[in-house]
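What follows is a single structure, written as structure tokens, with notes after it.
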Amino acid sequence: MEIQLCFFISPIILLALYSITLHLVNKLRNLPPSPFPTLPFIGHIYLLKLPFHRSLSEVSRRYGPALFLRLGSRSVLLISSPSLAEECLTKKNDLIFANRPKLLNGRYFGYNYTSLSWSPYGEHWRNLRRISAVELLSAQRMQMLSCIQADETLTLVRKLFHVTREEPDKVLEVKSTIFEFMFNIVTRMITGKRYYGKDVEKKEAKILEEIVSETSKAALETNVVDFLPVMRWFGYKDVEKKLISIHEKRDKFMQNVIEEQRRARSGESEDAAIKSYSKKMKTMVEVLLDLQASEPQYYTDQTIKNLLLVLLQGGSSTSTIALEWAFSLLLDNPQTLKKAQAEIDAHVGYNRLITEADVAELPYLRHIILETLRLHPPASILQPHFSSAECAVGGFRVPAGTILLVNAWEIHHNPKTWADPEKFRPERFEGFGGKRDLGFKFLPFGSGRRACPGENLALTNLGLGLGSLIQCFDWEKVGAIDMREVLVLYSTTLHLVNKLRNLPPSPFPALPFIGHIYLLKQPFHRSLSEVSRRYGPALFLRLGSRSVLLISSPSLAEECLSKKNDSIFANRPNLLNGRYFGCNYTSLPWAPYGEHWKNLRRISAVELLSSQRIQMLSYIRADETLTLVRKLFHVTREDPDKVLEVKSDLFEFMFNVLTRMIMGKRYYGKNVEKSKEAKILEEIESETSKLAFETNVVDFLPMMRWFGYRDVDKKLISICEKRDKFMQSVIEEHRRVRSASAESGDAALTMLSKSKTIVEVLLDLQASEPEYYTDETIRNLLLVLLQGGSSTSTIALEWAFSLLLDNPQTLKKAQAEIDAHVGHTRLITEADVAELPYLRHIILETLRLHPPASILLPHFSSAECAVGGFRVPAGTILLVNVWEIHHNPKTWADPEKFRPERFEGYDLKRDFGFKFLPFGSGRRACPGENLGLTNIGLGLGSLIQCFDWEKVGEIDMKEGGAGVTAPKGHRESCRMSGKENADANLSEMEGDDSARTVNCLRVRLLAERVASRNARQEADQLENKLLELENLLKEEAKSRNRAEKKLKFLMKRLQSMNIPYATDESEHSGLLDTSDISSATSLDSSSTKQPQKGEILQMNISTVSESQESNEIVKSSKGDFAYHSNGCLNQEDGHDPDNHVDNSMALVPVDVPQKNQTIDPEVLDTTVKEVLDALRRAKEQLQSSMERRRMSMIKVG
């Protein structure tokens, strides 16, 4: 114990010693303050959370404006005050901090640290800075290209004007429009082309959007590796390969732009006027090519590509972010918006559009932009600087090689510098003279040598875009404005890239690492439904590391699951469930579309779940239905007022139906509660359900394997081993039974083919094709049928029952239909379910309101395709939100109401099509649809027929579940009673019974139904039934008497011939008296079984009552024959599991020599033959009479 405690405490002590020592060393070295503790390996990374600038701001406010942090393997100086920022970026430290740290982005995207953004301070950087400031972004160059800005502003206004004219009340999402405006300005100024909107080169636009998308995605991954190099071996192994690939695409694209410009220049006109105009309108590419022509050794193609990529990425994304924030702030502050409109109307008027020259003359508009940049700077943390030598900041020593991070957001929100810093007040900038007055209190574009050279261009574009939106339209917000911050650069870039790639709409923002997972909450189908209703029926989501297409409309579902896209989406994604539970993606649900899957589908549809096979096993469903009713009847008889929770009973019913069909065994109920096999199966089901959510987390967030989900694979392997072991034992057990049957040749051990379980069918197939039908294939199929068939059907049955409890009028209408069609004298059967349309409509309406699989099992695109006019890349997961399709008000009237009548008069497949998808559709549709509907119909129909139900309290209709299924979240309490107050012994209940009491063959129970709710009407019906039954019994008695008289006559003839006969294994003789026969008029369910072939001289006369012992001799003294009863009783409920019972009597001749016997042998032989023939005919007649009696009683029932 002491050793274990030592091992536990030692790491804690070492960690504390490490942190304290490091903290003291920093103090001794006169380093800036450092938060305590500094953890090994990660340092202070544990302090960071999204958004980073806010978490760093909290740290600064707690520890001070100058902090020395350890972020992984890097030393970082965090500055959060204007004075310290000025000390770092000007004066003596400006030169020291004029460098950039060597990060992976600079190595690959910065052409090995030679681009303007990443180049170290020196001669090369100064040349690049001069080119960008003098040649590319000068005031003169901006004036030359102002026509582009004016043209794009007009395009923006025209586009929005068309929308307002066509749909005046339409709710707009202007984010993409703003991005299009900014991006096209920058691309036209750089390359002379538009890459977004109408009439664009789709191929080039597609390449560019892929470059921007992949660059943004890789940005955060490189940050992780930059600060935690160890992560190269844990989830970030291929980061550098990705960066090289992206860099090659970027380089190739820009080289094509340069070559295209070269080709255009080689065909220039010689006209001087055109040359002069071309000189004024030259794009930035052309300017750089001119410089290359004068200094080809310095202005290489690589240098030109460097500059163009920096301008493209820096000029579009940050300006878009700022314009979006400004527009949102104006919507949230309508008084400020009106004041800006008044200023523009007064200065510009109503006859023309705002121009670049006007922006400089509109101070309030400029103040709005500045206040926006203060509240929400596009770069909340300035691009990192790097100390080339040791220096002093704020009186502290800063070592060489330290990364400098300036938190511009904290400086802009410092209450010591800005009054009411969190409020949007453009008026605060009135009277300021720009940079001279604001200094380092305001750093949206940085400061010092590394300040942004495109500040003037950005402010002009912001002024034109925002000014035109204010001038030309009146705006009104819809709902509250969400002002939460995210990593805007990443999210905006990704959003724009999706637009350029013509992908389906995507909710904004898509966060790094998690994508759109933040939108999800339980139940998932409802949260996805909310997203679809907000953004559209086809959405492109990023769920962690996976691309997902979410479909929520019938037409788009049809486009995906039929027609040309059916085969493309016929695959499954490679998820952990498929890897382990699907035996490495070889089972029916998880196998990829191909020959193997087609074979599995054919086996399940033709051999296992065909209509013929389902019909052959119908006796199992009938028997389990009877067991369910008997169990509930016991409860009502013992405690009529008991409040029930029937969820477990419904599960037992469905599960036992499936297990008996598959394996020939019951695993729930009496005599199996303590079964070892039942316990193992229950553990398997429980563990499988618990792991479902964990596997989903790891599938979409692989990095979570290292944060709380490390043992997921081990758990899955353990469960798989249990599942395989259990199913293999089932297979081996059936093999032993088959082997014993073959060796003994006993027909009783060999089942007829028509009643074979599914295991036996598969073993037969294995015997014919052992190479294909391996044990693994059989186990796969059995597990799929067991899990898929039981859980979904149980969910549907529970929902249907709850809905009926909550809608008593619908329940009464269903009872009336069953009473009218089935009657009160027998239990509902499978054949009845097909003839009960209202019951079927209840089931369909339940499946519409609460589909068991609210989201279809995911599909996977094997190739690129088009859905709804959008491009869907290969490798995209398809999720069809069935719940949303079933609750679409455009498709279903009053979709939230339970109305079974909506299905009346409709053909399900013809009229509803893809509006109704509880079992999926297309190649991957559920093959067990017919079985599921049959089981639900039998279970629900028997509950409706046999009992009156009353809900206790309110029904909680909330949904549960953490996956694609939607079970009820709460178990319902209800009270039931048999409709008739029948005080009958359960042992007298038969397979065919009356409504709600399950016993129509008992005269006593039929008579007692007079006490029911509809006493008079039911009493009349019962009286007629009883009279009919009495007449049939009288006719049968007469027929039996005639047969007995004939038998007596034949016996006397045998006696006159001195030929004695006795019964088998009995010394007594005599003929069964009529009273004896009459005393055994009650038929057990087993008496309806036919005698086996080969049993000669057997007559089914009657069955002993349940109180008689097996092999009892029924005696009489009136004749020369006795009848031996050899009845078999059921193990549990009166049913013979082997489907054959010998309730018969055998006449056996006994050779007893008589004294003084002198009969002629020939005469005797002839006479005996005649008598025996006559006796045989009489016996057959009596047997036929008894069969007619039995059928008559069944008919009455």
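The values are calculated or read from the model by the stated rules, or taken from the named source; none is laboratory data. Bear in mind the structure is a predicted one, so any value in this text is a computation, not a measurement. We place every Cβ from the backbone using ideal geometry, glycine too, and count neighbours over all the protein chains shown. The accessibility values were calculated without ligands, DNA or RNA, using every heavy atom of the protein model including side chains. Shrake-Rupley method; radii C 1.70, N 1.55, O 1.52, S 1.80 Å.
Annotations
- Against the test of being open to solvent by less than 50 Å² (accessible area, probe 1.4 Å), modelled with pLDDT of 80 or more and farther than 24 Å from Leu762 by Cα, the options Phe700, Phe726 yield a single qualifying residue, Phe700.
- Hits in region 67-95 (condition: part of a helix (DSSP H, G or I) and among the acidic types (Asp, Glu)): Glu86, Glu87
- Criterion: among the hydrophobic types (A, V, I, L, M, F, W, C), out of contact with any helix residue (DSSP H, G or I) (no Cβ under 6 Å at 6 or more places or on another chain) and modelled with pLDDT of 85 or more - qualifying residue of Leu811, Leu797, Leu805, Leu752: Leu805
- Condition check for Ser529: among the small types (Gly, Ala, Ser), in contact (Cβ under 8 Å) with a residue 60 or more places away in the chain and open to solvent by less than 20 Å² (accessible area, probe 1.4 Å): yes
- Between Ala400, Ala408, Ala389, the distinction of being modelled with pLDDT of 90 or more and under 13 Å from Cys88 (Cα atoms) belongs to Ala389 only.
- Every residue from region 872-910 that is over 22 Å from Trp799 (Cα atoms) and open to solvent by less than 30 Å² (accessible area, probe 1.4 Å): Val872, Pro873, Thr876, Ile877, Leu878, Leu879
- Residue in region 585-597 that is more than 24 Å from the chain's Cα centre (by Cα), buried (at least 19 other Cβ atoms within 10 Å of the Cβ) and within 29 Å of Phe651 (Cα to Cα) present: no
- Of the set (1) surrounded by fewer than 16 Cβ atoms within 10 Å (Cβ to Cβ); (2) more than 31 Å from the chain's Cα centre (by Cα); (3) closer than 19 Å to Arg723 by Cα, all apply to Gly664 but (1).
- Condition met for Ser328 (open to solvent by 20 Å² or more (accessible area, probe 1.4 Å), of a type outside the set (Lys, Arg) and not in a loop (DSSP other than H, G, I, E, B)): yes
- Looking across region 96-151, just one residue is more than 30 Å from Lys241 (Cβ to Cβ), of a type in the set (Gly, Ala, Ser) and either in a strand (DSSP E or B) or in contact with a Lys or Arg (Cβ under 8 Å, 6 or more places away or on another chain) (or both), and that is Ala98.
- Count of residues meeting criterion [in a helix (DSSP H, G or I) and buried (at least 17 other Cβ atoms within 10 Å of the Cβ)] in region 161-175: 1
- Qualifying residue in region 45-58 (condition: in contact (Cβ under 8 Å) with a residue 12 or more places away in the chain, surrounded by 22 or more Cβ atoms within 10 Å (Cβ to Cβ) and assigned to a loop (DSSP other than H, G, I, E, B)): no
- The set of residues from region 879-907 being within 28 Å of Tyr593 (Cα to Cα) and either in contact with a helix residue (DSSP H, G or I) (Cβ under 7 Å, 6 or more places away or on another chain) or of a type in the set (Asp, Glu) (or both) comprises Val880, Asn881, Trp883, Glu884, Ile885, His886.
- Of residues in region 296-316 being hydroxyl-bearing (Ser, Thr, Tyr) and surrounded by fewer than 23 Cβ atoms within 10 Å (Cβ to Cβ), the one nearest to Leu365 (Cα to Cα): Thr303
- The set of residues from region 878-914 being farther than 25 Å from Gln809 by Cβ and among the small types (Gly, Ala, Ser) comprises just one member, Gly913.
- Matching residues, region 331-367, being of a type in the set (D, E, K, R), farther than 19 Å from Trp475 by Cα and open to solvent by 30 Å² or more (accessible area, probe 1.4 Å): Arg352, Glu356, Glu361, Arg366
- The numbered conditions (1) surrounded by fewer than 13 Cβ atoms within 10 Å (Cβ to Cβ); (2) free of Cβ contacts under 8 Å to residues at least 40 places away in the same chain; (3) over 30 Å from Pro32 (Cα atoms) are all true for Glu390 except (3).
To keep it simple, each residue is scored yes or no on (1) within 22 Å of Glu248 (Cβ to Cβ); (2) at pLDDT 75 or above; (3) not acidic (Asp, Glu).
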site: Ile185; (1), (2), (3): no, yes, yes
site: Met189; (1), (2), (3): no, yes, yes
site: Tyr196; (1), (2), (3): no, yes, yes
site: Glu201; (1), (2), (3): yes, no, no
site: Lys206; (1), (2), (3): yes, no, yes
site: Ile211; (1), (2), (3): yes, yes, yes
site: Thr215; (1), (2), (3): yes, yes, yes
site: Asp226; (1), (2), (3): yes, yes, no
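- With respect to being part of a loop (DSSP other than H, G, I, E, B), in contact with a strand residue (DSSP E or B) (Cβ under 9 Å, 6 or more places away or on another chain), of a type in the set (A, V, I, L, M, F, W, C) and open to solvent by 20 Å² or more (accessible area, probe 1.4 Å), Ala400 fits the description.
- For the residues Tyr111, Tyr121, the requirement of being among the aromatic types (Phe, Trp, Tyr) and on the phi > 0 side of the Ramachandran plot singles out Tyr111.
- Taken together, the residues in region 795-836 that are at positive phi and open to solvent by 20 Å² or more (accessible area, probe 1.4 Å) amount to 0.
- Of the residues making up region 563-591, those that are aromatic (Phe, Trp, Tyr) and part of a helix (DSSP H, G or I) number 1.
- Number of residues in region 853-880 that are under 17 Å from Ser506 (Cβ atoms) and β-branched (Val, Ile, Thr) equals 4.
- Of the residues examined, Arg542 is not one that is closer than 26 Å to Lys715 by Cβ, open to solvent by 10 Å² or more (accessible area, probe 1.4 Å) and outside any loop (DSSP other than H, G, I, E, B).
- Meets criteria (assigned to a loop (DSSP other than H, G, I, E, B), under 25 Å from the mean Cα position of the chain (by Cα) and either at pLDDT 80 or above or of a type outside the set (Lys, Arg) (or both)) for Tyr709: yes
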